[in-house]
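Only one structure is covered here, and it is reproduced in the block below.
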Amino acid sequence: MESIVKDIRYGYRTLLRNPGFTVVAVLSLALGIGANTAIFSFINTVLLKTLPVRAPDRLAIFGEGRGRGIYGGPPDGAMELFGWEQYRNFRKRNQVFEDVLAANSRPTRLYLTFSGENADTPEPAQANLVSGNYFDVLGVKPAAGHLFKAGMDDAPDANPYVVLNDGFWERRFHRSLSVVGRPLRIGGRSYTIVGVAPRGFFGTRVGESPDIWIPLSMQSQMPGSRGLPEDPLTQFLHLIGRLKPGVTLAQAQANVNVLYQQMLPGELGDQNTQENLEQVRHAKIAMTPGDRGLSGLRGTYEEPLTILMVVVAMVLLIACANVANLLLALSAKRTREFALRAAMGAARARVIRQLLTESMLLSGAGGLLGVLFASAGGRLLVYLISTGPRALPLEFVVDQRVLAFTVIISVLTGILFGLAPALRASRADLNSSLKEGKSNMASPSKVTFGRILVAGQVALSFGLLVTAGLLLHSFHNLISAETGFERENVLLFKLDSDASGYERDARLTSVYRQMEEAVSHLPGVNAESVSLMTFNEGRRQSSFTAPGVKVPPDQLVTSENFVSPGYFSVLHIPVIMGRGLTALDTESAPLVAVVSETFGTKFFGSPANALGRTFRFDGEKKPVQIVGIARDAKSQTVRDKDFRMSYRSVYQIPDYMNTLAVRVTGDPAQVAMSVRRAMGATARNIPIRWTTTLSDEVSDSLVRERAIAELSSFFAALALALSAIGLYGTISFAVARRTSEIGIRMALGAERVGVVGMVLRDAMLLTGWGMAIGLPLTLFTTRQIASVLYGMGSIDTPSVIVAILTLSGVAALAGYLPARRAANIDPIAALRHE
């Protein structure tokens, strides 16, 4: 132990005596380790971390937990969502769970009023409606007061209670215990705050952290709600069960599916046809582990994070090669020291241990600094993937797993870059080393390993540059892709019309008319429309029947949007046949719809054949006539391939609209202020959540692609900088070793241009070898990311050419500086270099 302490002290002093080397080495490692820690921390938070609940390993999710929203009709295939009555049946009749909880698959946005504080300006809050046994099943204890009880599910509308999230408690009430028992109002109903969830508990969905929880039995009291669906086939809940001791996931799945098949025929009701009975036989539930909770982020970012983890691993390898080269240069300066140690009896293993100790000191310092870089990097990642007015509620903390990862990677890094230089330094020849002068510090063969390291750095950098180029090119293709609508100069006002207090009736549509009328007369407004959704706001799919259509019943499905007549003018979606929606399409008029070209072709053979035809949506009594054909337009993502869309008038089917879209000229900020004032005067009960532009909405739909392209480019630039440093160091070291040779050449008449060319050729040769090695690696790597590319193959000639030119330019610059210094050598001084 005493010997190890001495090695650490000596290594520390050695590093202090070489401050330039130490700073460059530590910063290189800190950037490499920090990048790896940041990405791993994100992976840990999104993909690996378990829920902060009791025994999370005994939780099981019904399905994979990916479905969101409300679905109706007979189940078919793998099921993700379930009805209220199904939840109650599973809970009562299963034999494998201690209990089963339910949670609404979509969060609810509410407006809270606290007595005596904010009666005029209700506060927005995210709420999650959950079963009464939610906290008991999870094993969560209150931070204050008490939580919900299972009996709250028994009596609808009789449990007006609220549990606060710890973050909301701190932000709104400064953690005051007096909040327990305090009343608040949601819509027209008074609720009581009964408790506060513990710190760190965000619920069961990663990436979402509701401000409050409310019992599901109060669903009918939520503003704009139609109540708990009585139809058992209306599926909107996520279910999670806690396994009994000794029960496996496979046993639970078998039991649940037996129950499911027993329940479904009786739930069909008047839909109990032979066709539906055959369909529900295919319905099944795949039970999945619930320890990591539900997560939409997991499916979205699993592949990009894998790519980024490979990218930052390559950056770390380049950093290791850089530091190994620096250590080779430093050990060359210490040749006499090692020779003297050996002459005094030091074993080879002793020298290796000393040098590895110094390597560990460097990697340890790099790891500590890397954790700081990782913390900033984590916040940057959250910023990059967040859309809307609030950042995603993701916390990046250095927990035991992240700390262990950093320690392991720091140790492995220290060994990786330190072992080879230590082995080479320990093989010093005593006679030649003790007699060695500056002019012949080492033979050319002794620098071969350093040149191999630099070629490896160039190869990895080449791969990263090409990959970054591919991802940037793909992102450019996505952001400039044709969407079917004109995205520029359109403001989007996100509405919470379901919190207005209006019912879905003529009074609500009257408010919409007044709102649009007021906005239409504002300066700078060209067109306006309310709509259920515009772009990237979800999807409403409905099944229908149509006479004479020869399409299988399970394919008679369309995306449905409710809009006001100005929608096509605002988005510049041309109606190419028939007419658009008009103000005459009211509740008293026959039901009409404008459909997309693909809708007409898919179901009626051609758009022209669809015009004038009728169809009937499931659950509706009146038929809908097709009065117009609109050009295909993407509704959810730029990658959309399904253009089956029907547009219906909100003035015929009153509903809560989510967006007011306004096409503007002039200053958008000024128009936005005018629109908000007009809304306040005509529709003050309809809150505006936030304002954005349609162009930004399209960009936000590509947040995953944008984040991976930007981060890959950043890491490629970092790798390029590290490679340039390595190349510069290697060429400079080689020039220093060849001082006498260069002096002799110049004394014999060599021109300065020739000396510069000789050194530059060396640099370019190293770079060429590196790119030659890197090309096959690049081709293999780019094939692995083909699934995330858009509008291009895995081979992109422009990206390869740019990478070659960039690396060549950087190599020329890195080689020119030592070359110029070599050309300025005084031949007389060089010959006296001994």
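So the values come out like this:
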{"quantity": "Residue match in the stretch 582-593 (condition: of a type outside the set (G, A, S), surrounded by 18 or more Cβ atoms within 10 Å (Cβ to Cβ) and in contact with a helix residue (DSSP H, G or I) (Cβ under 8 Å, 6 or more places away or on another chain))", "calculated": "no"}
{"quantity": "Among the residues listed as T558, T534, the single one being over 24 Å from A683 (Cα atoms) and not aliphatic (A, V, I, L, M)", "calculated": "T558"}
{"quantity": "Meets criteria (surrounded by 15 or more Cβ atoms within 10 Å (Cβ to Cβ) and among the small types (G, A, S)) for A819", "calculated": "yes"}
{"quantity": "One residue from V458, V454, V466 being surrounded by 20 or more Cβ atoms within 10 Å (Cβ to Cβ) and either at pLDDT below 60 or within 30 Å of E337 (Cα to Cα) (or both)", "calculated": "V454"}
{"quantity": "Any hit, the stretch 779-793, residues being of a type in the set (F, W, Y) and outside any helix (DSSP H, G or I)", "calculated": "yes"}
{"quantity": "Odd one out for F568 among (1) under 23 Å from S520 (Cβ atoms); (2) in a loop (DSSP other than H, G, I, E, B)", "calculated": "(2)"}
{"quantity": "Restricting the stretch 637-661 to residues that are touching a Gly at 6+ places or on another chain (Cβ under 9 Å) and either assigned to a strand (DSSP E or B) or among the β-branched types (V, I, T) (or both), the residue that is surrounded by the most Cβ atoms within 10 Å (Cβ to Cβ)", "calculated": "Y647"}
{"quantity": "Residue within the stretch 398-406 that is buried (at least 23 other Cβ atoms within 10 Å of the Cβ) and either in contact with a helix residue (DSSP H, G or I) (Cβ under 8 Å, 6 or more places away or on another chain) or modelled with pLDDT of 75 or more (or both) present", "calculated": "yes"}
{"quantity": "Scope the stretch 467-510; condition in contact (Cβ under 8 Å) with a residue 12 or more places away in the chain, part of a loop (DSSP other than H, G, I, E, B) and among the hydroxyl-bearing types (S, T, Y); matching residues", "calculated": "T483, S500, Y502"}
{"quantity": "Residue identified as farther than 12 Å from A822 by Cβ, hydrophobic (A, V, I, L, M, F, W, C) and assigned by TED's automatic domain parsing to the domain that holds R513 among A681, A724, A747", "calculated": "A681"}
{"quantity": "Lone unmet requirement of (1) assigned to a helix (DSSP H, G or I); (2) of a type in the set (K, R); (3) under 30 Å from L381 (Cα atoms) for R689", "calculated": "(1)"}
{"quantity": "Residue pairs meeting the criteria (Cβ under 6 Å; at least 6 apart or on separate chains; first of a type outside the set (S, T, N, Q), in the stretch 42-53; second assigned to a loop (DSSP other than H, G, I, E, B))", "calculated": "L51/G293; P52/G200; P52/F201; V53/G139; V53/V140"}
{"quantity": "Residue within the stretch 735-754 that is crowded, with 17+ Cβ neighbours inside 10 Å, at pLDDT 75 or above and of a type in the set (G, A, S) present", "calculated": "no"}
{"quantity": "Output for the stretch 265-287, where each listed residue is touching a helix residue (DSSP H, G or I) at 6+ places or on another chain (Cβ under 8 Å) and either outside the structural domain of R242 (by TED's automatic domain parsing) or surrounded by 15 or more Cβ atoms within 10 Å (Cβ to Cβ) (or both)", "calculated": "E267, L268, Q279, V280, A283, K284, I285, A286, M287"}
{"quantity": "Near pairs, Cβ below 6 angstrom, 6+ apart or cross-chain, from the stretch 368-392 (surrounded by fewer than 14 Cβ atoms within 10 Å (Cβ to Cβ)) to any residue that is at pLDDT below 80", "calculated": "A391/V382"}
{"quantity": "Elements of type strands (runs of 3 or more DSSP E) contained in the stretch 78-188, each with 1 or more residues being buried (at least 18 other Cβ atoms within 10 Å of the Cβ) and free of Cβ contacts under 8 Å to residues at least 60 places away in the same chain", "calculated": "161-164"}
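The values are calculated or read from the model by the stated rules, or taken from the named source; none is laboratory data. Since the model is a prediction, treat every value here as computed from it, not as a measurement. Note: ideal-geometry Cβ built from the backbone for every residue, glycine included; neighbour counts use all protein chains shown.
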